[in-house]
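Notes follow once the structure below has been shown.
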Amino acid sequence: VTLGDLLRAGREALAAAGVASPGLDAALLLCRAAGVSREVLMGYPERRAGAGVEGDYRSFLRRRASREPVSRILGRREFWGLEFVLDRHTLDPRPDTETLVAAALDWLRGRGPARIVDLGTGTGCILLALLAERPDDTGLGIDVSAAALDVAQGNARRLGLDARAAFAAGDWTAGLADATADLLVANPPYIPRADIAGLEPEVALYDPAGALDGGVDGLAAYRAIAAGLPRVLAPGGAAFLEIGPDQAEPVAALLRAAGAAELRTVADLAGRVRCVVGLF
Ligand SMILES: C[S@@+](CC[C@H](N)C(=O)[O-])C[C@H]1O[C@@H](n2cnc3c(N)ncnc32)[C@H](O)[C@@H]1O
């Protein structure tokens, strides 16, 4: 059987399962199973698949047809041009979150060495993307999940950032020292609990519940984080919080009540507000 035959069969199987991008996903899974690049797959479809390739590929296709995301099957996701390992204990980093990273880098530009705290660090993607761009900064990633922290620590090591990134278990700001962060970033769980079951299966079935569940109204984590901010931010510090749809006003109100001197919002290229910023 040739790579081209396998690709065609995979595309059809995934399309029949209702997967949104069946051709691309089949190609990514086949590249992994066959150990070839996309260029080889597209350029030499007549190449014969080696022993074992078809079995691995079929098993990947079955998982994808059950709506497991390609990134989880491959165990890897690219974020901010860097490769992150993920597993069932971590959120799959989203391209949306790069909006927060870009905005935080804008704020950091021209400042001296900063201490960055990332609450709910997951794979560590936000903190590690910032540290990769800011060679003099140091960072601390906090998560309530010890298993997620292991993943983040491994990512820091692979990216060569572990000398400047520390990770610790904690409940939002509770375990942090006073005035310990110049910049605080967070992408907390923000889905209203009752909405989780109605999300795409790729999210509802495969992202950890603790990374999605924002309590009854989706705002529980923001309430806890805002309450702790004034204590852990250094004077002149800033908090960048990713938000879900329709959360800009309530999250801005929480930051205002926490004593933010100035509030800003950051929109993505489609004009959706993805991030609320409080300057303290
Ligand atoms: C939406 S995920 C974000 C992960 C990562 N920062 C990203 O953007 O891909 C939220 C994270 O918050 C963590 N979390 C949930 N409750 C927490 C709490 N009380 N204290 C600290 N972290 C918490 C979850 O384990 C999860 O890793």
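Here the 3J(HN,Hα) profile of segment 66-78, calculated from phi with Karplus coefficients 6.51, -1.76 and 1.60 at θ = phi - 60°, is 7, 6, 5, x, 4, 4, 6, 5, 7, x, 9, 8, 8 Hz, Gly and Pro shown as x.
Counting other Cβ atoms within 10 Å of each Cβ, which trypsin sites (Lys or Arg not before Pro) in segment 1-103 have at most 15 and sit in a DSSP loop? Each step should come with its number before you reach the end.
Details: sites: Arg8, Arg11, Arg32, Arg38, Arg47, Arg48, Arg58, Arg62, Arg63, Arg64, Arg67, Arg72, Arg76, Arg77, Arg88; in loops: Arg47, Arg67, Arg88.
Within segment 1-103, the qualifying trypsin sites (Lys or Arg not before Pro) (loop, at most 15 other Cβ atoms within 10 Å) are Arg47, Arg88.
Relative to the longest principal axis of the chain, what angle (0 to 90°, nearest 10) does the C-alpha long axis of helix 146-158 take? Once rounded, one gets 80 degrees.
Going by the alpha-carbon gyration tensor, a ≥ b ≥ c the square roots of its eigenvalues, is segment 7-89 rounded (a/c under 1.5) or, if a/c is not under 1.5, prolate (a/b greater than b/c) versus oblate? Oblate, since a/c reaches 1.5 and b/c is not below a/b. Per-residue Karplus couplings for segment 251-260, computed as 6.51 cos²θ - 1.76 cosθ + 1.60 with θ equal to phi - 60°, are listed in order as 6, 4, 5, 5, 5, 5, 5, 7, x, 4 Hz, Gly and Pro entered as x. Helix 53-65 and the longest principal axis of the C-alpha atoms of the chain enclose an angle of approximately 50°.
Over all directions, the projected convex hull of the C-alpha atoms in segment 62-211 averages 9.0 nm² in area.
Under a 5 Å amide H cut-off, with hydrogens placed 1.01 Å from N, Arg47 pairs with Leu3, Gly4 among residues at least 5 apart or on other chains.
When the square roots of the Cα gyration tensor eigenvalues are ordered a ≥ b ≥ c, the ratio a/c for segment 158-243 is 1.5 or more and a/b does not exceed b/c, which makes its shape oblate.
If one computes P(r) from the Cα atoms of segment 134-190, what percent of pairs lie at distances over 13 Å? Of all Cα-Cα distances in segment 134-190, 65 percent exceed 13 Å. Helix 220-232 and the long axis of the chain differ in direction by around 50°, with both axes built from C-alpha atoms.
When the Cα gyration tensor is reduced to axis lengths a ≥ b ≥ c, the ratio a/c is 1.5 or higher for the chain, and with a/b above b/c it is classed as prolate.
Label point of Leu24 set 7 angstrom out along Cα-Cβ; within segment 47-76, amide nitrogens under 20 Å from it belong to 60-76. For the chain, modelled as a GNM whose springs connect Cα atoms under 10 angstrom apart, the maximal fluctuation among Tyr206, Tyr190, Tyr57 occurs at Tyr57. According to the Kirkwood relation over distinct C-alpha pairs, the hydrodynamic radius of segment 216-280 is 11.9 Å. With both labels modelled 7 Å from their Cα along Cα-to-Cβ, the Arg94 to Asp195 distance reads 0.9 nm.
Tell me, what is the FRET efficiency for Glu12 and Val40 to the nearest 0.05, using R0 = 22 angstrom and their Cβ-Cβ distance as r?
Details: r = 22 Å, r/R0 = 0.99.
Working from the Cβ atoms, E equals 0.50.
Amide hydrogen proximity for Gly122: with H placed 1.01 Å from N in the peptide plane, no residue at 5 or more positions away or on another chain lies under 5 Å.
Going by C-beta contacts inside 10 Å, put Arg274, Arg193, Arg157 in order with the fewest on the left.
Details: Arg274 23, Arg193 16, Arg157 12.
Listing Arg274, Arg193, Arg157 from fewest to most nearby Cβ atoms yields Arg157, Arg193, Arg274.
What's the center-to-center distance, using Cα atoms, between segment 1-79 and segment 136-155 in Å? Between the Cα centre of segment 1-79 and that of segment 136-155, the gap is 31 Å. The ranking of Val276, Val232, Val40 by Cβ neighbour count inside 10 Å, starting from the fewest, reads Val40, Val232, Val276. 3J(HN,Hα) along segment 233-245, derived from phi through the Karplus expression 6.51 cos²θ - 1.76 cosθ + 1.60 where θ = phi - 60°, amounts to 7, 6, x, x, x, 9, 10, 10, 10, 5, 10, x, x Hz, with x in place of Gly and Pro. Amide H contacts of Cys275 (H built 1.01 Å from N, in plane; Pro and chain starts excluded): Ile243, Val266 sit under 5 Å, all sequence-distant by 5 or more or on other chains.
In the elastic network of the chain, a GNM with C-alpha springs shorter than 10 Å, the most mobile of Leu184, Leu269, Leu86 is Leu269.
Ordering Pro93, Thr121, Pro235 by the projection of their Cα atoms onto the charge dipole of the chain, which places +1 on the Cβ of Lys and Arg and -1 on the Cβ of Asp and Glu, puts Pro93 at the extreme positive end.
Throughout, read-outs are computed from the coordinates displayed, never taken from laboratory work. This is a predicted model, so every value here is computed, not measured. Here the Cβ is made from the backbone with ideal geometry for all residues, glycine too, and neighbour counts use every protein chain on show.
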